[in-house]
Amino acid sequence: SGRVLVTGQQLEEPYADLDENSKEGYWHLKNGEYLLLGDARSYSNDSRTLGPFRETSIEGKAWLVYWPKPRWRFVSSIT
């Protein structure tokens, strides 16, 4: 039903466009692997199609949080 469970606990994703018809699957990640999911799930070509990503192949830096609106801010560092 569009939910993401991490070790049996549902991930809260108020920003995600959850579609009950989106692809389903189960992944067991190894150390250094990540499951990348788009926030518009019904349109995203993400790990549900491409599989897990190695940490060494992920690049990027967050500089702005714009959702949810009450938490809007610029990000000076990522922890």
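Summary of values
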| quantity | calculated |
| --- | --- |
| Those residues of segment 52-71 which are within 24 Å of residue 29 (Cβ to Cβ) and either open to solvent by 100 Å² or more (accessible area, probe 1.4 Å) or touching a residue at least 24 places away in the same chain (Cβ under 8 Å) (or both), in sequence order | 52, 54, 55, 56, 58, 59, 61 |
| Residues that are at pLDDT below 85 and either in contact with a His (Cβ under 8 Å, 6 or more places away or on another chain) or of a type in the set (A, V, I, L, M) (or both), drawn from segment 1-30 | 4, 5, 16, 18 |
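The values are calculated or read from the model by the stated rules, or taken from the named source; none is laboratory data. Everything numeric in this text was worked out from a predicted model, so none of it was measured. In this analysis, Cβ positions are derived from the backbone assuming ideal geometry, glycine residues included, and neighbour counts consider all displayed protein chains. Protein only, heavy atoms only, side chains kept; ligands, DNA and RNA dropped before computing areas. Shrake-Rupley method; radii C 1.70, N 1.55, O 1.52, S 1.80 Å.
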